[in-house]
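Working notes for the structure below.
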Amino acid sequence: MPTAKFKRVMVKLSGEALMGDQEFGISPEVIGYVASEIRSIFDLNVEVALVIGGGNIFRGIKGSSYGMDRTSADHMGMLATVINSIALCDALEKQGMPTRVQSAIAMHEIAEPYILRRALRHLEKKRVVIFAAGTGNPYFTTDTAAVLRAQEIHAEILFKATKVDCLFDKDPECNSDAQPITSITHKQVLERELRAMDTTATSLAMDNKLPIGIINMLTPGNICKAVCGETIGTYIGD
C-alpha cells in the first residue's frame with residue numbers, strides 16, 4: 001500500500017463535476033465515483049475535509065447577472081452547496097466512511113452547525129468532514145471557503161479537484177497553444193491572472209502559506225497519487 005505524504009488534507013470539489021453528462025443536478029454514477037476516490041485516501045489513514053460548490057444547481061454570480069440581488073443569489077448558492085454536501089455524505093457513508101456535514105448557516109435538522117473544535121474532533125476520530133454553505137456570507141466563493149476552512153483546521157495542503165488536468169498559462173479552450181504549468185507561486189498566479197481559484201482565495205492562501213494542488217478528479221487514482229506526493233497536475237506554493 002502506498003504511503004501518504006500528508007496527514008490532513010482539504011479537498012475542494014466543484015459542483016459542476018457532479019453533473020456528469022447531465023445539464024444540471026447530480027449524477028449518481030459520478031458521485032459514487034467521487035466517493036470511491038475519497039475512499040482511496042481515507043484508507044491511507046489521511047484525515048479528510050471537503051468543501052463542495054453548488055454550480056450544478058445554482059451559481060450566485062450567474063443569478064445576479066439576471067438582475068437578482070447578489071446577496072439573495074449567493075444565499076441560494078449556499079443552499080445548493082448544502083444539497084450537494086448531503087448527497088456526498090450519503091455516498092461516502094455507503095462507501096463505509098463515517099461522515100459529518102457542518103453548515104455555516106444554521107439548519108440543525110439536517111447538518112451540524114460549523115464549530116471548529118467539533119470539526120477537529122471529528123477529523124481526529126477519522127471522520128470525513130464536509131463543510132457546507134460556504135463561509136455563510138455573500139460575496140465569498142466556495143474557493144475562499146475552502147481556503148478559510150483549510151487554514152482553520154490546519155490542513156497541510158488544499159487540493160482543488162477539477163475537470164482539467166492542470167493549470168494552463170492561458171485558457172486552453174480558446175487557445176490551442178496553451179501550455180501546462182506544473183509548478184507556480186501564489187504571487188505569480190495573481191500577477192498573471194490565472195484562473196486557479198478566485199483572487200480572494202489565492203491571496204488568503206498566499207498570506208498563510210497554504211499550498212494548493214490542482215488535479216483532475218475525473219482521472220482515476222489522481223487524488224491518491226497527489227496525496228502520496230507524486231507530481232500530478234499543478235502545485236501552487238513557494
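The values are calculated or read from the model by the stated rules, or taken from the named source; none is laboratory data. Model, not experiment: these values are computed from the prediction. Here the Cβ is made from the backbone with ideal geometry for all residues, glycine too, and neighbour counts use every protein chain on show.
A few points about this structure:
- Positions within region 86-129 being in a helix (DSSP H, G or I), touching a residue at least 24 places away in the same chain (Cβ under 8 Å) and over 17 Å from the mean Cα position of the chain (by Cα), in sequence order: 94, 116, 120, 124
- Checking each residue in region 213-237 for being assigned to a loop (DSSP other than H, G, I, E, B), out of contact with any helix residue (DSSP H, G or I) (no Cβ under 8 Å at 6 or more places or on another chain) and either of a type in the set (Phe, Trp, Tyr) or farther than 15 Å from residue 1 by Cβ (or both) picks out 219, 231.
- Selection from region 108-121 of residues that are surrounded by 20 or more Cβ atoms within 10 Å (Cβ to Cβ) and under 24 Å from residue 7 (Cα atoms): 114, 119
- Filtered residues of region 138-169 (kept if of a type outside the set (A, V, I, L, M, F, W, C) and under 27 Å from residue 58 (Cβ atoms)): 138, 139, 141, 142, 143, 144, 149, 151, 152, 160, 162, 163
- Any hit, region 23-41, residues being in contact with a Cys (Cβ under 7 Å, 6 or more places away or on another chain), surrounded by fewer than 20 Cβ atoms within 10 Å (Cβ to Cβ), aliphatic (A, V, I, L, M) and not in a helix (DSSP H, G or I): no
- Search result, residues across region 15-41 that are out of contact with any helix residue (DSSP H, G or I) (no Cβ under 6 Å at 6 or more places or on another chain), farther than 17 Å from residue 220 by Cβ and modelled with pLDDT under 90: 16, 19, 21, 22, 23, 24, 25
- Scanning region 131-147 for residues that are surrounded by fewer than 24 Cβ atoms within 10 Å (Cβ to Cβ) and in contact with a Phe, Trp or Tyr (Cβ under 8 Å, 6 or more places away or on another chain) yields one hit, 136.
- For region 185-238, the set of residues classified as among the charged types (D, E, K, R), under 16 Å from residue 147 (Cα atoms) and in contact with a strand residue (DSSP E or B) (Cβ under 9 Å, 6 or more places away or on another chain) consists of 195 only.
Condition check ((1) in contact (Cβ under 8 Å) with a residue 40 or more places away in the chain; (2) closer than 19 Å to residue 12 by Cα; (3) of a type in the set (Phe, Trp, Tyr)) across all residues:
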| residue | (1), (2), (3) |
| --- | --- |
| 192 | no, no, no |
| 195 | no, yes, no |
| 200 | yes, yes, no |
| 204 | yes, yes, no |
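- Hits in region 154-194 (condition: outside any strand (DSSP E or B) and either crowded, with 18+ Cβ neighbours inside 10 Å or in contact with a Phe, Trp or Tyr (Cβ under 9 Å, 6 or more places away or on another chain) (or both)): 155, 156, 166, 175, 178, 179, 182, 186, 189, 194
- Considering 94, 125, the condition of being surrounded by fewer than 20 Cβ atoms within 10 Å (Cβ to Cβ) and closer than 21 Å to residue 149 by Cα is satisfied by 125 alone.
- Unique match (being within 25 Å of residue 227 (Cβ to Cβ), within 20 Å of the chain's Cα centre (by Cα) and of a type in the set (Val, Ile, Thr)) among 164, 82: 164
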